[in-house]
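The values are calculated or read from the model by the stated rules, or taken from the named source; none is laboratory data. These numbers were taken from a predicted model, which means no experiment stands behind them. Every residue, glycine as well, gets a Cβ built from its backbone with ideal geometry; the counts of neighbours run over all protein chains shown. These area figures cover heavy atoms from the full protein model, side chains too; ligands, DNA and RNA do not enter into them. Shrake-Rupley method; radii C 1.70, N 1.55, O 1.52, S 1.80 Å.
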Amino acid sequence: MEALSDRTYQAITRLMHETVGLSFSESKKPLISSRLASRIQRLGLGGFEDYLALIQQPEDGGEFQMAVDLLTTNETYFFREPAHFEWLAKEFSQGNKRPLSVWSAASSFGDEAYTIAMLLTDLQQQGRIGSDWRILGTDISDRVLRSAIEATYPEDRLRHVDAERLRRHCLRGEGPSEGLIQIRPALRERVRFGQLNLCRPIENIGPFDAVFLRNVLIYFDPATKREVVDRVLTQLRPGGLFFIGTAEGRVPCATPVQVLAPGIFRKLDA
Ligand SMILES: C[S@@+](CC[C@H](N)C(=O)[O-])C[C@H]1O[C@@H](n2cnc3c(N)ncnc32)[C@H](O)[C@@H]1O
(Lines give C-alpha, C1' and ligand atoms only; values in the text may rest on other atoms or scores of the structure.)
Protein backbone atom coordinates (compact mmCIF):
# COMPACT_ATOMS: atom_id res chain seq x y z
CA MET A 1 0.00 0.00 0.00
CA GLU A 2 1.21 3.53 -0.76
CA ALA A 3 2.33 5.62 2.21
CA LEU A 4 -0.15 8.07 3.73
CA SER A 5 0.47 11.39 1.93
CA ASP A 6 0.47 14.69 3.84
CA ARG A 7 -2.55 15.85 1.83
CA THR A 8 -4.66 12.78 2.69
CA TYR A 9 -3.48 12.89 6.32
CA GLN A 10 -4.62 16.50 6.58
CA ALA A 11 -7.96 15.70 4.96
CA ILE A 12 -8.55 12.82 7.42
CA THR A 13 -7.60 14.87 10.47
CA ARG A 14 -9.69 17.83 9.24
CA LEU A 15 -12.72 15.55 8.85
CA MET A 16 -12.17 14.12 12.35
CA HIS A 17 -11.84 17.60 13.82
CA GLU A 18 -14.87 19.08 12.10
CA THR A 19 -17.14 16.13 12.80
CA VAL A 20 -16.18 14.84 16.24
CA GLY A 21 -13.69 17.41 17.54
CA LEU A 22 -10.70 15.05 17.54
CA SER A 23 -7.42 16.89 17.19
CA PHE A 24 -4.27 15.20 15.83
CA SER A 25 -0.91 16.91 15.41
CA GLU A 26 1.59 16.12 12.66
CA SER A 27 3.49 13.85 15.08
CA LYS A 28 0.49 11.45 15.22
CA LYS A 29 0.79 10.64 11.49
CA PRO A 30 2.71 7.34 11.92
CA LEU A 31 0.26 6.15 14.57
CA ILE A 32 -2.80 7.04 12.50
CA SER A 33 -1.26 5.56 9.38
CA SER A 34 -0.59 2.22 11.06
CA ARG A 35 -4.01 2.02 12.76
CA LEU A 36 -5.88 2.73 9.53
CA ALA A 37 -3.61 0.60 7.31
CA SER A 38 -4.72 -2.70 8.88
CA ARG A 39 -8.34 -1.68 8.53
CA ILE A 40 -7.86 -0.69 4.88
CA GLN A 41 -6.24 -4.06 4.17
CA ARG A 42 -9.05 -5.92 5.90
CA LEU A 43 -11.61 -4.04 3.77
CA GLY A 44 -9.62 -4.82 0.62
CA LEU A 45 -9.39 -1.12 -0.34
CA GLY A 46 -6.61 0.30 -2.53
CA GLY A 47 -5.21 2.74 0.02
CA PHE A 48 -5.74 5.78 2.27
CA GLU A 49 -7.43 7.90 -0.41
CA ASP A 50 -10.09 5.23 -1.01
CA TYR A 51 -10.61 5.01 2.74
CA LEU A 52 -11.01 8.79 3.02
CA ALA A 53 -13.55 8.72 0.18
CA LEU A 54 -15.46 5.97 2.01
CA ILE A 55 -15.66 7.71 5.39
CA GLN A 56 -16.73 10.98 3.75
CA GLN A 57 -19.87 9.39 2.28
CA PRO A 58 -23.11 9.63 4.24
CA GLU A 59 -23.78 5.95 3.39
CA ASP A 60 -20.47 4.60 4.67
CA GLY A 61 -21.87 1.51 6.41
CA GLY A 62 -20.70 2.78 9.79
CA GLU A 63 -17.07 3.09 8.66
CA PHE A 64 -16.60 6.67 9.89
CA GLN A 65 -17.61 5.43 13.31
CA MET A 66 -15.12 2.59 13.01
CA ALA A 67 -12.38 5.09 12.09
CA VAL A 68 -13.19 7.15 15.21
CA ASP A 69 -12.95 3.99 17.29
CA LEU A 70 -9.59 3.14 15.75
CA LEU A 71 -8.18 6.59 16.40
CA THR A 72 -9.34 6.98 19.99
CA THR A 73 -9.05 4.70 22.96
CA ASN A 74 -12.10 3.35 24.71
CA GLU A 75 -10.03 2.26 27.70
CA THR A 76 -12.03 2.27 30.88
CA TYR A 77 -12.61 0.14 33.97
CA PHE A 78 -14.78 -0.04 37.07
CA PHE A 79 -13.98 2.35 39.95
CA ARG A 80 -11.35 4.19 37.90
CA GLU A 81 -10.02 7.03 40.10
CA PRO A 82 -11.85 5.90 43.26
CA ALA A 83 -11.56 9.27 45.02
CA HIS A 84 -14.18 10.62 42.60
CA PHE A 85 -16.73 8.01 43.68
CA GLU A 86 -15.96 8.59 47.36
CA TRP A 87 -16.65 12.29 46.84
CA LEU A 88 -19.91 11.53 45.01
CA ALA A 89 -21.07 9.19 47.80
CA LYS A 90 -20.29 11.76 50.50
CA GLU A 91 -22.06 14.55 48.63
CA PHE A 92 -25.17 12.52 47.75
CA SER A 93 -25.49 11.18 51.30
CA GLN A 94 -26.08 14.74 52.50
CA GLY A 95 -28.87 15.38 50.00
CA ASN A 96 -32.01 14.66 52.06
CA LYS A 97 -33.07 11.77 49.81
CA ARG A 98 -34.04 14.04 46.93
CA PRO A 99 -34.18 12.63 43.36
CA LEU A 100 -30.71 12.28 41.84
CA SER A 101 -29.46 12.02 38.29
CA VAL A 102 -25.96 11.43 36.98
CA TRP A 103 -24.52 11.64 33.47
CA SER A 104 -21.51 9.65 32.30
CA ALA A 105 -20.79 11.83 29.26
CA ALA A 106 -18.16 9.70 27.49
CA SER A 107 -19.22 6.38 28.91
CA SER A 108 -17.28 4.07 26.62
CA PHE A 109 -18.25 0.45 27.50
CA GLY A 110 -20.34 1.56 30.48
CA ASP A 111 -17.89 0.73 33.28
CA GLU A 112 -18.20 4.25 34.73
CA ALA A 113 -22.01 4.32 34.55
CA TYR A 114 -22.36 0.89 36.21
CA THR A 115 -19.79 1.87 38.85
CA ILE A 116 -22.05 4.81 39.75
CA ALA A 117 -25.09 2.50 39.70
CA MET A 118 -23.37 0.10 42.16
CA LEU A 119 -22.55 3.02 44.42
CA LEU A 120 -26.05 4.50 44.37
CA THR A 121 -27.71 1.11 44.89
CA ASP A 122 -25.53 0.61 47.97
CA LEU A 123 -26.27 4.13 49.27
CA GLN A 124 -29.98 3.47 48.76
CA GLN A 125 -29.78 0.16 50.64
CA GLN A 126 -27.97 1.91 53.50
CA GLY A 127 -30.81 4.49 53.59
CA ARG A 128 -28.43 7.33 52.69
CA ILE A 129 -30.27 8.28 49.46
CA GLY A 130 -33.83 7.70 48.26
CA SER A 131 -34.92 5.29 45.53
CA ASP A 132 -35.50 7.98 42.89
CA TRP A 133 -32.22 8.12 40.98
CA ARG A 134 -31.20 7.63 37.38
CA ILE A 135 -28.01 7.34 35.38
CA LEU A 136 -27.43 8.18 31.72
CA GLY A 137 -24.38 7.00 29.78
CA THR A 138 -23.60 8.50 26.37
CA ASP A 139 -20.79 8.11 23.87
CA ILE A 140 -20.20 8.85 20.23
CA SER A 141 -19.45 5.23 19.37
CA ASP A 142 -22.40 2.90 18.93
CA ARG A 143 -20.06 -0.08 19.06
CA VAL A 144 -19.18 0.68 22.69
CA LEU A 145 -22.79 1.59 23.49
CA ARG A 146 -24.06 -1.76 22.22
CA SER A 147 -21.53 -3.45 24.44
CA ALA A 148 -22.50 -1.22 27.39
CA ILE A 149 -26.13 -2.34 27.08
CA GLU A 150 -25.02 -5.99 27.04
CA ALA A 151 -23.01 -5.29 30.20
CA THR A 152 -20.68 -8.28 29.98
CA TYR A 153 -17.04 -7.68 30.87
CA PRO A 154 -13.75 -9.54 31.17
CA GLU A 155 -13.07 -10.06 34.89
CA ASP A 156 -10.03 -7.85 34.82
CA ARG A 157 -12.14 -4.74 34.19
CA LEU A 158 -13.77 -5.23 37.59
CA ARG A 159 -10.46 -5.74 39.42
CA HIS A 160 -11.17 -2.76 41.73
CA VAL A 161 -14.66 -3.94 42.72
CA ASP A 162 -14.54 -5.59 46.13
CA ALA A 163 -15.69 -9.21 46.42
CA GLU A 164 -18.85 -8.43 48.32
CA ARG A 165 -20.03 -5.81 45.82
CA LEU A 166 -19.13 -8.14 42.98
CA ARG A 167 -21.30 -10.88 44.46
CA ARG A 168 -24.28 -8.57 44.97
CA HIS A 169 -24.21 -6.77 41.63
CA CYS A 170 -22.70 -9.25 39.18
CA LEU A 171 -23.04 -12.77 37.78
CA ARG A 172 -19.95 -14.86 37.08
CA GLY A 173 -19.78 -16.69 33.76
CA GLU A 174 -19.38 -20.47 33.73
CA GLY A 175 -18.31 -22.96 31.07
CA PRO A 176 -17.78 -21.09 27.79
CA SER A 177 -18.38 -17.79 29.61
CA GLU A 178 -15.66 -18.49 32.19
CA GLY A 179 -13.66 -15.30 32.85
CA LEU A 180 -16.62 -13.04 32.00
CA ILE A 181 -18.79 -11.09 34.38
CA GLN A 182 -22.27 -9.79 33.68
CA ILE A 183 -23.95 -6.96 35.54
CA ARG A 184 -27.16 -8.17 37.21
CA PRO A 185 -30.44 -7.07 35.57
CA ALA A 186 -31.51 -5.01 38.61
CA LEU A 187 -28.49 -2.77 38.14
CA ARG A 188 -28.70 -2.70 34.35
CA GLU A 189 -32.28 -1.44 34.56
CA ARG A 190 -31.10 1.68 36.39
CA VAL A 191 -28.80 2.82 33.58
CA ARG A 192 -29.82 4.14 30.14
CA PHE A 193 -27.41 4.56 27.24
CA GLY A 194 -27.65 6.76 24.16
CA GLN A 195 -25.48 8.16 21.42
CA LEU A 196 -24.31 11.74 21.82
CA ASN A 197 -21.56 13.72 20.08
CA LEU A 198 -20.09 16.17 22.59
CA CYS A 199 -19.00 18.41 19.71
CA ARG A 200 -22.54 19.09 18.53
CA PRO A 201 -25.28 21.10 20.28
CA ILE A 202 -26.88 19.07 23.07
CA GLU A 203 -30.65 19.01 23.47
CA ASN A 204 -31.93 19.38 27.01
CA ILE A 205 -31.14 16.10 28.78
CA GLY A 206 -30.52 17.49 32.26
CA PRO A 207 -30.36 18.95 34.71
CA PHE A 208 -28.00 16.45 36.34
CA ASP A 209 -26.72 16.46 39.91
CA ALA A 210 -23.33 15.18 38.79
CA VAL A 211 -21.59 14.86 35.43
CA PHE A 212 -18.58 12.69 34.64
CA LEU A 213 -16.61 13.91 31.59
CA ARG A 214 -13.51 11.89 32.24
CA ASN A 215 -10.66 10.99 29.91
CA VAL A 216 -12.20 12.38 26.75
CA LEU A 217 -10.97 16.01 26.75
CA ILE A 218 -7.50 14.71 25.88
CA TYR A 219 -8.65 14.27 22.28
CA PHE A 220 -9.70 17.89 21.79
CA ASP A 221 -7.70 21.04 21.02
CA PRO A 222 -7.93 23.91 23.59
CA ALA A 223 -10.79 25.74 21.82
CA THR A 224 -12.85 22.54 21.41
CA LYS A 225 -12.16 21.56 25.04
CA ARG A 226 -13.59 24.87 26.24
CA GLU A 227 -16.68 24.57 24.03
CA VAL A 228 -17.32 20.97 25.11
CA VAL A 229 -16.92 21.73 28.82
CA ASP A 230 -19.23 24.76 28.67
CA ARG A 231 -21.79 22.80 26.62
CA VAL A 232 -21.74 19.88 29.06
CA LEU A 233 -21.98 22.22 32.06
CA THR A 234 -25.28 23.64 30.74
CA GLN A 235 -26.74 20.25 31.70
CA LEU A 236 -25.44 20.36 35.30
CA ARG A 237 -27.54 22.12 37.91
CA PRO A 238 -25.82 24.92 39.85
CA GLY A 239 -24.21 23.33 42.91
CA GLY A 240 -23.77 20.03 41.05
CA LEU A 241 -20.50 18.09 40.84
CA PHE A 242 -18.37 17.93 37.70
CA PHE A 243 -15.61 15.34 37.21
CA ILE A 244 -12.81 15.19 34.64
CA GLY A 245 -9.82 12.82 34.58
CA THR A 246 -7.20 13.89 37.12
CA ALA A 247 -4.55 13.75 34.40
CA GLU A 248 -6.51 16.26 32.31
CA GLY A 249 -5.28 19.31 34.22
CA ARG A 250 -7.32 22.46 34.66
CA VAL A 251 -10.87 22.68 33.40
CA PRO A 252 -10.97 25.29 30.64
CA CYS A 253 -14.38 27.02 30.66
CA ALA A 254 -16.34 30.24 30.93
CA THR A 255 -18.90 28.69 33.32
CA PRO A 256 -17.98 29.53 36.93
CA VAL A 257 -16.77 26.45 38.82
CA GLN A 258 -15.08 25.89 42.17
CA VAL A 259 -12.14 23.49 42.37
CA LEU A 260 -12.78 20.88 45.10
CA ALA A 261 -10.04 18.28 44.52
CA PRO A 262 -8.05 16.92 41.57
CA GLY A 263 -10.53 16.49 38.71
CA ILE A 264 -13.51 17.48 40.91
CA PHE A 265 -15.40 20.77 40.54
CA ARG A 266 -18.64 22.32 41.71
CA LYS A 267 -20.70 24.40 39.29
CA LEU A 268 -21.38 27.80 40.81
CA ASP A 269 -24.41 30.04 40.24
CA ALA A 270 -23.78 32.15 37.15
C1 LIG B 1 -11.03 6.75 27.24
S2 LIG B 1 -12.77 6.64 27.04
C3 LIG B 1 -13.33 7.31 28.62
C4 LIG B 1 -14.23 6.37 29.35
C5 LIG B 1 -14.61 6.78 30.77
N6 LIG B 1 -15.18 8.10 30.82
C7 LIG B 1 -13.43 6.68 31.69
O8 LIG B 1 -12.88 7.71 32.11
O9 LIG B 1 -13.01 5.55 32.01
C10 LIG B 1 -13.11 8.00 25.93
C11 LIG B 1 -14.45 7.88 25.21
O12 LIG B 1 -14.75 9.14 24.59
C13 LIG B 1 -15.51 8.87 23.44
N14 LIG B 1 -15.50 10.07 22.57
C15 LIG B 1 -14.50 10.55 21.81
N16 LIG B 1 -14.90 11.64 21.14
C17 LIG B 1 -16.19 11.87 21.50
C18 LIG B 1 -17.17 12.85 21.15
N19 LIG B 1 -16.89 13.84 20.28
N20 LIG B 1 -18.40 12.77 21.71
C21 LIG B 1 -18.70 11.76 22.58
N22 LIG B 1 -17.82 10.81 22.96
C23 LIG B 1 -16.58 10.86 22.42
C24 LIG B 1 -14.81 7.66 22.82
O25 LIG B 1 -15.68 6.96 21.94
C26 LIG B 1 -14.43 6.85 24.08
O27 LIG B 1 -15.37 5.84 24.35
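What the table below lists for this structure:
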| quantity | calculated |
| --- | --- |
| Calculated [θ] (222 nm, deg cm²/dmol) that DSSP helices of n ≥ 4 give over the chain, each run adding -39,500 (n - 2.57) | -12000 deg cm²/dmol |
| Gap separating the Cα centres of the range 102-126 and the range 200-222, nearest whole Å | 16 Å |
| Accessible surface, the chain, averaged per residue in Å² (probe 1.4 Å) | 49 Å² |
| The chain: Cα Rg divided by the 2.2 N^0.38 Å rule of thumb | 1.08 |
| Solvent-accessible area, 1.4 Å probe, carbon plus sulfur percent, for the chain | 50 percent |
| GLU2-ALA53 FRET efficiency (beta carbon distance; Förster radius 22 Å; 0.05 resolution) | 0.90 |
